[in-house]
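The block underneath contains the structure these notes are about, expressed in structure tokens.
The values are calculated or read from the model by the stated rules, or taken from the named source; none is laboratory data. In this text, all values refer to a predicted model and were calculated from it rather than measured experimentally. Positions of Cβ are backbone-derived with ideal geometry, glycine not excepted, and every protein chain shown enters the neighbour counts. Quick note on the areas: whole protein, heavy atoms, side chains included, nothing else; ligands and nucleic acids left out. Shrake-Rupley method; radii C 1.70, N 1.55, O 1.52, S 1.80 Å.
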Amino acid sequence: MSDIVKVMAPPAFVRAGVRAMHGYTPGEQPAPGTRVVKLNTNENPYPASPKVVEAIRAVDAETLRRYPHPLAQKFREAAASVLKLASPDMVICGNGSDDVLTIVTRTFVPPGGSIASPEPTYSLYPVLAQLEEAKHVGVPWEKNWALPIDALLATNADAIYLANPNAPTGTTVPLGAIEELAKSFGKLVLVDEAYADFAGETALALVDKHPNVVISRTLSKGYSLAGLRFGYAVAQTEVVDEMMKVKDSYNCDAISIIAATAAIEDQEYAQQGWKRVNEERERVSEELSRLGFDVIPSKANFVLAGVPGGDGKAYYLGLKHQGILVRYFDKPGLRDKLRITIGTMSENDAMLGGMKQLLEKQKAA
Ligand SMILES: *Cc1c(COP(=O)(O)O)cnc(C)c1O
């Protein structure tokens, strides 16, 4: 037998900052084949374009033998064309937009520095800050989820991260407010547009005028490719050049570059999907409101809804018992709410049916 003693505490030779932090908690991923209605991680309910699967099938051994293009040039060119950018050099690609966010943090946030965001927002931002030995400062949203510009400026942070549409609320702030923030702040303003495809709103127009604006995007949500891991950021060329120094040399694999390129080139297919998701979101929002839920108007592929009676966890567990997964956040301001991803029509009907059952039980009790 080995005489190595198992310790419960984190090993002392681990960086103190890492020992002290909690990692990011992703939504549950049930084993493949498990029969659940999965509305907890904002995946797109429709499959990716058939052209994506075709492109992956066509990958040959020679492509795999070689290193991929270090900058994912084919994708940069396709994205520049679709987004009508002045140059492909304004695009940097990543292994999911979480990788892009890591690159952004390492490029702009010094150790000991800070990132500010309106709160609640994407719970990865504090984790990214901690990994840089930096702080995350949350500033409460203003009434009706308006951008708290003055309070964000008052933090004097090194960077402001703004998810637009925001997660987990699904709300958006107008372009004018983001521009005002970018002008007054001067330092990095990251606009995380993971859900912008559904909203049909983007801050891309700000990039030309404001060198401190970086937009991050992902193919996980709008292009149904969460399993592929591909994201990108758009910024002025000089800014992208700095971020290039920070990323891993080959951060996107050959298959993902080919598949992501095929996906973004098939705009017609993707846009049809966004339209269907948006129509279902409106229907689900109306139905939930009719049942007594307090639904925050969303422009993303999910809704945040206050539950009748205010016990979000009870509804989360009640649905889970019925094989329906939604997201519950055990955090101040969110414990009376659930974040529900928009699924296919039949998945949404199953979720609504589950809610009705729970409401009837509550009434009978
Ligand atoms: C899903 C999500 C991302 C990251 O998506 P990737 O799968 O890593 O591309 C980034 N920001 C927000 C707000 C998200 O919800």
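Of note:
- Any chance Gln271 is in contact with a strand residue (DSSP E or B) (Cβ under 9 Å, 6 or more places away or on another chain) and away from the ligand (no atom under 16 Å from the Cβ): no
- Which listed residue is surrounded by fewer than 19 Cβ atoms within 10 Å (Cβ to Cβ) and touching an Asp or Glu at 6+ places or on another chain (Cβ under 7 Å), from Gly333, Gly323, Gly310: Gly310
- Inter-residue pairs, beta-carbon under 7 Å, first within 10 Å of Ala167 (Cα to Cα) and in region 114-125, second within 13 Å of the ligand (Cβ to nearest atom) and assigned to a strand (DSSP E or B), 6+ apart: Thr121/Ala163; Tyr122/Ala163; Tyr122/Asp192
- Close contacts from region 248-275, counting a first residue that is closer than 16 Å to Arg66 by Cβ and a second that is assigned to a helix (DSSP H, G or I) and of a type in the set (Phe, Trp, Tyr), with Cβ to Cβ under 8 Å and a gap of 6+ residues or different chains, come to Cys252/Phe75; Ile257/Phe75.
- Those helices (runs of 4 or more DSSP H) lying entirely in region 184-267 with at least 2 residues open to solvent by 40 Å² or more (accessible area, probe 1.4 Å): 205-209, 237-246, 254-265
- Qualifying residue in region 99-114 (condition: within 23 Å of Leu304 (Cα to Cα) and hydroxyl-bearing (Ser, Thr, Tyr)): no
- The residues on offer are Glu62, Glu43, and the sole one that is within 30 Å of Asn348 (Cβ to Cβ), open to solvent by 50 Å² or more (accessible area, probe 1.4 Å) and modelled with pLDDT of 95 or more is Glu43.
- Where a residue in region 95-112 is part of a loop (DSSP other than H, G, I, E, B) and its partner, wherever it lies, is among the β-branched types (Val, Ile, Thr), with Cβ under 8 Å and at least six apart: Gly96/Thr218; Val109/Ile115
- Here Ala86 does not fit the description of being touching a residue at least 60 places away in the same chain (Cβ under 8 Å) and touching a Pro at 6+ places or on another chain (Cβ under 8 Å).
- Looking across region 113-127 at every residue that is within 11 Å of the ligand (Cβ to nearest atom) and outside any strand (DSSP E or B), the one that is farthest from Val18 (Cα to Cα) is identified as Thr121.
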